Amino acid sequence: MSKRKRQEAILSLIAKHQIATQEDLVARLSRVGIHTTQATVSRDIAELGLVRVGGGPDSHYVKSSDGLGAASPAGREERLQRLLRDLPLTVRRGQGIAILTTTPGSANSLASAIDAVAWPELIGTIAGDDTIFAALALHPRAYEGFAQRIAQLGAYVQPED
């Protein structure tokens with residue numbers, strides 16, 4: 001089976017079914033005669049620009065509306081914006097970090113999308129269940145730049161005292 005055919009099957013399956021995990025997707029592909037691994041499906045998901053929306057038992061993969069895929073900068077920012085439309089995110093300033101809080105079960109998806117946009121103000125993220133620590137670059141206006149960018153995409157940035 002060619003990569004193109006496999007990816008077309010993935011798009012067809014996520015359009016017809018709410019698929020919550022990569023393992024579920026591998027199983028559904030197997031049922032339609034496409035035998036593959038979770039690692040291959042993971043790469044396909046990234047290349048196709050699929051995003052996981054919702055939290056907990058209602059989470060599932062959907063196609064990014066612009067079709068650019070995760071490889072393009074616009075596609076990565078679109079993925080983050082789409083997640084922020086579906087998931088609340090509050091941003092607070094810490095000492096050299098931003099503390100982001102969201103709904104339970106959503107932090108990993110959001111942290112991955114935030115890392116993927118590769119903004120210069122951000123070094124990287126660590127996610128728990130509903131909290132993300134975002135390590136900021138060592139320049140004085142890193143928090144302000146990060147807060148402005150993420151607010152433009154739909155996050156709520158708490159005003160400072």
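Structure values in brief
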read-out	value
VAL51 in contact with a Leu (Cβ under 9 Å, 6 or more places away or on another chain), buried (at least 20 other Cβ atoms within 10 Å of the Cβ) and modelled with pLDDT under 90	yes
Region 19-38: number of residues that are among the small types (Gly, Ala, Ser) and under 23 Å from the mean Cα position of the chain (by Cα)	2
Residue that is nearest to the chain's Cα centre (by Cα) [pool: residues in region 67-94 that are at pLDDT 80 or above and among the polar types (S, T, N, Q)]	GLN81
Check on ALA147, farther than 30 Å from GLN7 by Cβ and outside any helix (DSSP H, G or I)	no
When residues of region 150-161 are limited to those that are in a loop (DSSP other than H, G, I, E, B) and free of Cβ contacts under 8 Å to residues at least 40 places away in the same chain, the one nearest to PRO104 (Cα to Cα)	PRO159
Residue tally, condition crowded, with 16+ Cβ neighbours inside 10 Å, within 19 Å of GLN148 (Cβ to Cβ) and of a type outside the set (Lys, Arg), over region 84-101	7
Residue list for region 118-138, filter: of a type in the set (Phe, Trp, Tyr) and part of a strand (DSSP E or B)	PHE133
Subset of region 113-137 (residues that are over 10 Å from ALA98 (Cβ atoms) and in contact (Cβ under 8 Å) with a residue 24 or more places away in the chain)	ALA113, ALA116, VAL117, ALA118, TRP119, PRO120, ASP129, ASP130, THR131
Selection count where residues are of a type in the set (Gly, Ala, Ser) and surrounded by 14 or more Cβ atoms within 10 Å (Cβ to Cβ), scope region 116-134	3
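The values are calculated or read from the model by the stated rules, or taken from the named source; none is laboratory data. The structure displayed is predicted, hence computed values, not measured ones. Backbone-built Cβ (ideal geometry, glycine too); neighbour counts: all protein chains shown.
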